[in-house]
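What follows is a short report on a single structure.
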Amino acid sequence: MRNFAFKICIMVSIFDDMSKVNELEVNRMLPLVDEQRRNEALRYKHLFGQFACLKSWLMLKELLKPLGITDLKMGYNEHGKPFLTYHPKVHFNLSHCKNGIAVVVDFLPVGIDIESFRKDNIALVRKTMSPTEAEWIRTSSDPVEAFTQFWTKKEAVVKLRGTGIIDDLHHVLDGEGYRLETHLNREKRYAWSVAYTQ
């Protein structure tokens, strides 16, 4: 697990040791989370979903510990974005894919997305990318990496806004008032982006 800092208060934690995804580890983590999160994890039918649900919560708990926050009761806005019920001034976001888990905490709205490299489907590119972005992907030396980078940026911005994917994805990155940081892990084949308020 690695932690990153982008400005004074933003904290990011990335986990990508997917060899730890097993039933024994899920059973070890279950008693470490509150009943709300435990029930949420057990709703997943697949082991990876259970693991990611529990691990991301424990990563969040670790990031919040230096802030003195131990009560992680969660609520959700009308679009499903989670928030801490008793700490509304602390913003966080969680994301996972088959190759990693990402968590971010800040005192201003924030969004994070992590995605495994996946083939750039032409129909999906047309549906989600602006003509400039699509051309950049098409002419990139690695279109899969390029598509994944753009996808994580768009998801991170949408999650920062807390709207879910109701926005026109072609123009998500046209907005102002936020900054983006994007990282690639070529060895483990994923990209992640964090969008945070300026």
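A few remarks follow.
- The residue of segment 8-41 that is surrounded by the most Cβ atoms within 10 Å (Cβ to Cβ), among those that are touching a strand residue (DSSP E or B) at 6+ places or on another chain (Cβ under 6 Å) and of a type in the set (A, V, I, L, M), is VAL12.
- Segment 152-179 residues that are more than 18 Å from ASP106 (Cα to Cα), paired with ones that are hydroxyl-bearing (Ser, Thr, Tyr) and at pLDDT below 90 (beta carbon under 9 Å, 6 or more apart): LYS154/THR128; LEU169/THR128; HIS170/THR128; VAL172/THR128
- Residues located in segment 102-128, provided they are within 13 Å of the chain's Cα centre (by Cα) and closer than 16 Å to TRP57 by Cα: ALA102, VAL103, VAL104, VAL105, GLY111, ILE112, ASP113, ILE114
- Being over 23 Å from SER56 (Cβ atoms), touching a helix residue (DSSP H, G or I) at 6+ places or on another chain (Cβ under 8 Å) and of a type in the set (D, E, K, R) is a property that does not hold for LYS153.
- Residue in segment 68-86 that is closer than 25 Å to SER19 by Cβ and among the hydrophobic types (A, V, I, L, M, F, W, C) present: no
- Within segment 119-171, if we keep just the residues that are hydrophobic (A, V, I, L, M, F, W, C) and touching a Gly at 6+ places or on another chain (Cβ under 6 Å), the residue that is nearest to GLN198 (Cα to Cα) turns out to be LEU160.
- Residue count for segment 79-97, restricted to those that are surrounded by 14 or more Cβ atoms within 10 Å (Cβ to Cβ), outside any strand (DSSP E or B) and either in contact with a Gly (Cβ under 7 Å, 6 or more places away or on another chain) or of a type in the set (D, E, K, R) (or both): 1
- Residues considered: TYR76, TYR44. Of these, the only one that is closer than 22 Å to GLY162 by Cβ, without any contact (Cβ under 8 Å) to a residue 40 or more places away in the chain and either surrounded by 13 or more Cβ atoms within 10 Å (Cβ to Cβ) or not hydrophobic (A, V, I, L, M, F, W, C) (or both) is TYR76.
- Condition broken by VAL157, with the remaining ones in (1) over 20 Å from LEU64 (Cα atoms); (2) at pLDDT 95 or above; (3) not in a loop (DSSP other than H, G, I, E, B) satisfied: (2)
- When segment 129-146 is limited to residues that are surrounded by 15 or more Cβ atoms within 10 Å (Cβ to Cβ) and among the acidic types (Asp, Glu), the one that is farthest from ALA191 (Cα to Cα) turns out to be GLU133.
- Among residues of segment 55-73, those that are surrounded by 11 or more Cβ atoms within 10 Å (Cβ to Cβ) and in a helix (DSSP H, G or I), counted: 11
- The C-beta contact set for segment 181-198 (first residue within 24 Å of CYS9 (Cα to Cα), second residue outside any strand (DSSP E or B) and small (Gly, Ala, Ser), distance under 7 angstrom, 6+ apart or interchain) comprises SER193/ALA156; VAL194/ALA156; ALA195/ALA156; THR197/GLY177; GLN198/GLY177.
The values are calculated or read from the model by the stated rules, or taken from the named source; none is laboratory data. Predicted model only: the values in this text are computed from it and were never measured. In this analysis, Cβ positions are derived from the backbone assuming ideal geometry, glycine residues included, and neighbour counts consider all displayed protein chains.
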